[in-house]
Amino acid sequence: MDLSSLLNNLIDYTNEIDAGRTGFSTAGKEGQGRILYESGVCGALKSFQEAQVSKDPQTLILCELIFLQQEMQFCDKKDEDTRSSLTQAIQSFEDALRCLKTVENPAAYRFAETAFPISSQYRIHGFPKDAFHLACISHRTRLRNVLRAPGINMIEKNVLNQRAANMNAAQNCYSKKQKKSLEE
């Protein structure tokens with residue numbers, strides 16, 4: 001599936017999830033809400049699985065970014081903690097995409113790489129722990145924290161686990177790009 005279709009499907013599934021959640025709290029709409037919610041969650045899981053199969057760090061990050069932007073759109077304006085977390089995650093993924101552009105330019109990345117200390121705390125597999133890695137690491141932590149919350153059903157936990165796995169896949173694919181860029 002091409003990236004545009006994948007992202008459009010993810011938007012549609014996120015809309016279904018939100019409509020389903022709204023249905024849960026509307027008298028007489030609980031059944032339809034459940035159907036929409038489950039359809040959206042299952043579709044989102046499928047989309048995140050397709051993104052992982054792509055082995056493309058841009059696809060993996062864009063899927064997560066689109067999903068987060070949709071969550072922000074549906075988040076209650078009064079929910080300041082969630083909005084703050086989503087804002088931070090969105091910003092970190094935007095930074096990761098900027099970093100991805102740099103790693104695809106070997107001359108620029110070799111130059112940028114020298115700005116990172118050689119200490120292992122600033123490196124992953126010997127490569128700079130740059131904005132891309134930091135976005136994946138912090139988001140994986142965010143997802144793991146959500147997974148620990150009581151009351152999350154197993155369908156949604158499967159999506160959260162897939163999204164966390166996608167952060168691992170994104171980092172692995174990105175490290176290969178780092179290696180290639182620094183070897184050229």
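The values are calculated or read from the model by the stated rules, or taken from the named source; none is laboratory data. Please read these numbers as outputs of a predicted model, since none were measured by experiment. As a convention, Cβ positions derive from the backbone with ideal geometry for all residues, glycine included, and neighbour counts pool all protein chains shown. Note: areas computed on protein heavy atoms with side chains; ligands, DNA, RNA excluded. Shrake-Rupley method; radii C 1.70, N 1.55, O 1.52, S 1.80 Å.
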If the convex hull is drawn through the Cα atoms of segment 1-43, its volume per residue in Å³: 42
Enumerate the amide H contacts of Ile124 below 5 Å, restricted to partners 5 or more residues apart or on another chain; note that Pro and chain-start residues carry no placed amide H. Lys129
Estimated dipole of segment 26-133 in Debye, rounded to 20 [Cβ of Lys and Arg +1, of Asp and Glu -1, Cα centre]: 160
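For His125, His139, give the ranking by accessible area with the largest first, probe 1.4 Å.
So, going from the largest accessible area down, we get His125, His139.
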Heads up, segment 113-175 by the C-alpha gyration tensor (a ≥ b ≥ c square roots of eigenvalues; a/c under 1.5 rounded, else a/b over b/c prolate, else oblate) looks prolate
Whole-Hz ³J(HN,Hα) for each residue in segment 126-139, computed from phi via Karplus 6.51 cos²θ - 1.76 cosθ + 1.60 with θ = phi - 60°, x for glycine and proline: what do you get? x, 9, x, 7, 8, 4, 5, 4, 4, 4, 5, 5, 5, 6
Give me the percent of accessible area attributable to carbon and sulfur for segment 6-160, probe 1.4 angstrom. 54
Can you pull the three principal axis extents for the Cα set of segment 60-162, in Å, largest first? 47, 25, 22
Using heavy-atom solvent-accessible surface (probe 1.4 Å) with all chains present, what is the largest-first order of Lys78, Lys176, Lys157? Lys78, Lys176, Lys157
Cross-link pairs Lys157/Lys180; Lys77/Lys101; Lys77/Lys157 - those with Cα-Cα distance over 29 Å: Lys157/Lys180; Lys77/Lys101
Enter the Cα centre distance for the pair segment 131-184 and segment 37-89, rounded to the nearest angstrom. 12
Quick numbers on segment 1-106, Rg and Dmax over C-alpha atoms in Å, give 15.6, 59
How large is the accessible surface per residue of segment 25-153, computed with a 1.4 Å probe and reported in Å² as a whole number? 56
For the chain, what is the charge dipole size about the Cα centre, in debye to the nearest 20, if Lys and Arg each add +1 at the Cβ and Asp and Glu each add -1 at the Cβ? 560
